[in-house]
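I have placed the structure first, in the form of structure tokens, so that the comments after it can refer back to it.
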Amino acid sequence: MSWHRPHLLDIESLSADEILTVLDTAKAFKAVGERAIKKVPALRGRTVVNLFIEPSTRTRTSFELSEQRLSADIINFTAEASSLKKGETLKDTARNLEALNVDFIVIRHSAAGAAHFLSRVLNTHVINAGDGAHEHPTQALLDAFTIRERKGKIEGLNVTILGDILFSRVARSNIWALTKLGAKVTLCGPSTLVPRTFEQMGCRVTHDVDAALRDADIIHLLRIQHERQRKTMFPSIGEYTTLFGLNKARLAKARPDALIMHPGPVNRGVEIDNEIADSARSLILEQVTNGIAVRMAVLFLVNGGKGPQEIAAG
Ligand code: CP
């Protein structure tokens, strides 16, 4: 077991051992979540600011619940009602929060590198909750946790990530996590959104959706990130759905035990059919549930927690 980092900024810089430490610690926290009393005192007396300067449903609520379960004091920063609207910079905003003696800043921002930047200018712990198209490390950790829980392993699995890879922080963090843990990752989607340069990250790239789905143990779908595209990267949503959407006919050609994942928000009828999103093969809501234990593990380890043995003992 190993974790000696004051921040969680990305998956790229983590070792496989560090990723496994988070997953094992999350497993212990998931067991805590099944007890009658779900709270532990690990962050009692510590203050966490959830600094979300980009919209979020899952990540924000899941961080907040995780912090509550760890007994932290919580401030939910509302960008729209803040002095960011009056022109205050991110650095000044964060340094003012630090001056209030907060211990953790969980940041989501549209700019790639925002979390790394804060970790350089602050003395608080910084956790990246998604920075532009760069990384979304806790999403990749909860995805890896969900895969390991359902398939019993990650090493040797075929994982296909299908959709807008180019603009997706979820894709980047998943590629780093899954390849470090020994999965074989295939990327698929329109050639404008899945360039061959991703092969340099150790992935197979194909634009043939049937070939991408054929041997997949996990089919991980991504939505089109319209908010990050400066121009349209394919003719129309209808054409995307026709060529790359996961429908019953396409899924019938995949392995019968292939499981479906999606980080959300889901665009039903675009990247995935309604019926498939709600089917027994869909792990979409399990991913959300597992986000609590995984984010508890990250906060606990970043705060200096030793690992799962400490939770079991506590
Ligand atoms: N998966 C994810 O990041 O969802 P939110 O944008 O709702 O947090």
Within the set of pairs 6+ apart or on separate chains, which have a first residue in segment 182-199 that is under 11 Å from L162 (Cβ atoms) and assigned by TED's automatic domain parsing to the domain that holds I154, a second that is buried (at least 19 other Cβ atoms within 10 Å of the Cβ) and of a type in the set (D, E), and C-beta atoms under 9 Å apart? G189/D164; P190/D164; L193/D164; V194/D164
Pairs, first more than 16 Å from L181 (Cα to Cα) in segment 155-167, second in a loop (DSSP other than H, G, I, E, B) and of a type in the set (V, I, T), C-beta under 6 Å, six or more apart: D164/I224; I165/V194
How many residues of segment 107-140 are within 17 Å of L84 (Cα to Cα) and within 13 Å of the ligand (Cβ to nearest atom)? The answer is 4
For segment 56-69, the count of residues that are over 15 Å from the mean Cα position of the chain (by Cα) and either within 11 Å of the ligand (Cβ to nearest atom) or surrounded by fewer than 21 Cβ atoms within 10 Å (Cβ to Cβ) (or both) equals 3
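Within segment 182-207, count every residue that is among the hydrophobic types (A, V, I, L, M, F, W, C) and in a loop (DSSP other than H, G, I, E, B). It would help to see each step written out before you state the result.
Start the filter on segment 182-207 by keeping residues that are among the hydrophobic types (A, V, I, L, M, F, W, C), which leaves 183, 185, 187-188, 193-194, 198, 201, 203, 205.
From what is left, the residues that are in a loop (DSSP other than H, G, I, E, B) are 183, 193-194, 203.
Final tally of qualifying residues: 4.
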Out of the residues in segment 271-285 that are of a type in the set (G, A, S) and assigned to a loop (DSSP other than H, G, I, E, B), which is farthest from N247 (Cα to Cα)? A280
Please go through segment 124-135 and give me each residue that is more than 17 Å from F104 (Cα to Cα) and buried (at least 24 other Cβ atoms within 10 Å of the Cβ), ordered by number. E135
Please identify the pairs in which a residue from segment 43-55 that is within 16 Å of the ligand (Cβ to nearest atom) has its Cβ atom under 9 Å from the Cβ atom of a residue that is in a strand (DSSP E or B) and at pLDDT below 95, counting only partners at least 6 apart or on another chain. N50/F77; L51/F77; F52/F77; F52/T78; I53/F77
If I filter segment 146-153 for residues that are farther than 15 Å from E54 by Cβ, more than 12 Å from the ligand (Cβ to nearest atom) and either outside any helix (DSSP H, G or I) or without any contact (Cβ under 8 Å) to a residue 40 or more places away in the chain (or both), do I get at least one hit? yes
Would segment 8-24 turn up any residue that is without any contact (Cβ under 8 Å) to a residue 60 or more places away in the chain and in a helix (DSSP H, G or I)? yes
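The values are calculated or read from the model by the stated rules, or taken from the named source; none is laboratory data. Note that the coordinates shown come from a computational prediction; the quantities given were computed from them, not determined experimentally. All Cβ positions, even for glycine, are placed from backbone atoms using ideal geometry, and neighbour counts span all protein chains on display.
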